[in-house]
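Report on one structure; see the data block that follows.
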Amino acid sequence: MAPRAVAALLVLAACAVTARAEDDVILRPTKTDGAEAALVFIQGASIPAARYVPFAQALQAAVDFPLWVAIPAFLLDVPEPLVLAGGIARVTKNMTAQGMRAGATFLGGHSLGGAMLIDYTATTGANATAQFLLGAFLTRKYANVTYPVKTLTVGAELDGLCLVSRITEAYWHRVLHPRSGDAGGDDAATAFPVVVLPGQNHMQFASGEPPALVKARDLHAEVTDEAARAAVVAVVADWLALQRGDASAAAGIKAAVAATGALVGPLVQAMEVEGNTYLKPACDLNPVSPACFTGAGTWTETAQVAMGGVDASKVKQIVTNTFHDVWEIFPHVHLPKVWHNCTGGAQDACWLNVTTVSQNVYDSDPLDTGFGSNTASEIRAKMVSRQWMQTAAGAPTPFAADNHSLCAAINDQAYKWALARAPARTAARFAKYGEPYVMGADDNTGAVGPLWIWAPMQYHNTTGPGGAAVVEVVAPTMMTPLNETIKAAAGFHYCKLLSPARAMEWAMVDGLRAHYTASKFPPTAAERTVAAAAAGRDGGGVGVRPHCHATVCADAGGRRAAGAGDLVT
């Protein structure tokens, strides 16, 4: 490259860095009593730093101590790892130069900003007092290690980008099943609390016009921006106060965590019934331990009972599921089996002992973004046929009993199970705006195991009665009669099962996307008026105070020295 071109690029790079430094936001404390603290907050992708000013100012007003707030700006509003540490150092140096003498340093971030902050805090920022993540979470790489900095996770029920199902996973790990080393003497609800705020969406952690991706993916908020901001500020303010030794603030955190438990509790139950691999991996061929799911107590056991169609009042059924990769042939081929038959043809006082095999399949998310579904797209379930179950119970039955889309019937049962247990508000919202699941006829792949294994569960967008949009769920199936030529393969009925957790997640988030996204609910005239007033002179942010550069603020009345609570950039 020619020297002149190199010089030009260096000038452009320098200008870019300078432009970002000038766009940094620094808020001086609004209070003077007490020891100072500082917060460095990292912006979400494509959301300018200034759009977090209303949140930051409200937080300053809510805490009872002097709080400096710095929001570093990054090139293209993307806080990527190579520039994150430099941005944090830059604003910290700026605050210090302006007189900041903080005894506690907090870190916070929204969305991508929170995601990028996690690794920084675990290493470079490990001396931080605490951190909080908004629409972000501690990733799975930290699930089985002791994270060095206490962390508050705050999700939103109607977040279309960081799904509530991923925050529910964080709640399961950090609140319900915390690592012994995480609490550091505190209980789980105050060491690594996880909170989901009802009715809020992704953009309500910030302010102003959402970027294109957020606008396309976010769900419609059911609370005003002002109410949402107040709810976020309340829990974050309690979190900061608690880290400064205010024990009374623990009550607010615990109340928020308890309310979260009520909201996500049904989804927790559904994910456990699924045997969700992100809660615990399947034991499969590994030694059985509390750290893995054996498969016992999971949905396939319920499915097997439904598959058998045996009179439960006369026949006791003991079904035990095990988790294995269904394609494994070494060291064993994993097959379902009836281990105990009824004798004499009488069903009274009879019992059946049955084992099944299943494997959960998940959508790929190697980076653990929380952007996609967090539940199984299908459960590959190897079950005993209805013919075998009823024959074993003393009522010989023809193979034709299995040829009635039994997988679809079981999947409809899973769907109804989920809707019956979903929070009342979730069920009502989905009934009004959601795209319902309907079960299509089973797709018989023939008695060829690999064809069934690799045929995915199908989800088809179609129209239902009256022309309403629905999603048809079609389950691949494979079944064999008791008189199958290959005796080792006789009496099976394999199904791709709908996970109750996927059905509940569909009702909470993904099933609302067709009719309940933020883009389909444009702001009212009153909301546009408020937004325009908040935008101020620069039109793109949310500057409700004069925008300042260096140490001088400019407003309509001329120039004056920057004061407490002003933006200093």
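Each value in this text was obtained by applying a stated rule to the coordinates, not by laboratory testing. Quick caveat, the model's predicted, so the values are computed rather than measured. All Cβ positions, even for glycine, are placed from backbone atoms using ideal geometry, and neighbour counts span all protein chains on display.
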Here FRET efficiency (C-beta to C-beta, Ala400 to Lys432, R₀ 41 Å, nearest 0.05) is 0.50
The stretch 313-451: spread of alpha-carbon positions along the three principal axes, whole Å, largest first, is 55, 40, 26
Given 0.36 nm per residue, what is the gain on full extension from Thr32 to Leu335 after removing their alpha carbon distance, in nm?
102.0 nm
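Per-residue counts of other Cβ atoms within 10 Å, averaged by peptide: what ranking do you get for 77-85, 307-315, highest first? Mind dumping the intermediate values first?
Details: 77-85: 15.8, 307-315: 17.9.
Packing order, densest peptide first, comes out as 307-315, 77-85.
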Going toward the positive end of the dipole of the chain, with +1 on Lys and Arg Cβ and -1 on Asp and Glu Cβ, which of Thr151, Met95, Val233 do you reach last?
Met95
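I want to verify the translational diffusion coefficient of the chain in µm²/s; compute it with Stokes-Einstein, Rh as the Kirkwood radius over Cα pairs, at 25 °C and 0.890 mPa s.
Details: Rh = 26.2 Å.
D, rounded to a whole number, is 93 µm²/s.
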Run through the DSSP bridge list for the chain and note the antiparallel percent, rounded to the nearest 5.
50 percent
Which lysines, if any, have their Cα less than 28 Å from the Cα of Lys280, not counting same-chain residues under 8 positions apart?
Lys141, Lys150, Lys254, Lys337, Lys382, Lys416, Lys496
Karplus-derived HN-Hα couplings along the stretch 366-376 (A = 6.51, B = -1.76, C = 1.60, θ = phi - 60°), whole Hz, x at Gly and Pro:
x, 8, 6, 8, x, 7, x, 4, 10, 10, 5
For the chain, give the magnitude of the charge dipole about the Cα centre (Cβ charges: +1 Lys/Arg, -1 Asp/Glu; no others), in debye to the nearest 20.
580 debye
Go through the stretch 494-504 residue by residue and turn each phi into a ³J(HN,Hα) via Karplus (6.51, -1.76, 1.60, θ = phi - 60°); whole Hz please, and just put x for glycine and proline.
8, 9, 8, 9, 6, 6, x, 5, 5, 5, 6
Ordering 402-412, 117-127 by per-residue average of other C-beta atoms within 10 angstrom, highest first, gives 402-412, 117-127
What distance in nm lies between label points placed 7 Å from Cα along the C-beta direction at Ala62 and Phe521?
2.1 nm
Please compute, for the alpha-carbon atoms of the stretch 210-267, the extent along each of the three principal axes and give them in descending order in Å.
41, 28, 18
Between Ala424 and Ala255, the two model label points (7 Å from Cα along the beta-carbon direction) sit apart by a distance in nm of 2.1 nm
Could you rank the peptides 452-460, 158-166 by their average count of other C-beta atoms within 10 Å per residue, with the highest value first?
158-166, 452-460
Just to check I understand the Karplus step: with θ = phi - 60° and J = 6.51 cos²θ - 1.76 cosθ + 1.60, what whole-Hz values come out for the stretch 435-443, glycine and proline as x?
8, x, 7, 10, 9, x, 4, 4, 9
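Taking a quarter of the surface of the convex hull around the Cα atoms of the stretch 198-327, what do you get in nm²?
Numbers: hull surface 57.8 nm².
Over every viewing direction, the Cα hull of the stretch 198-327 projects on average to 14.4 nm².
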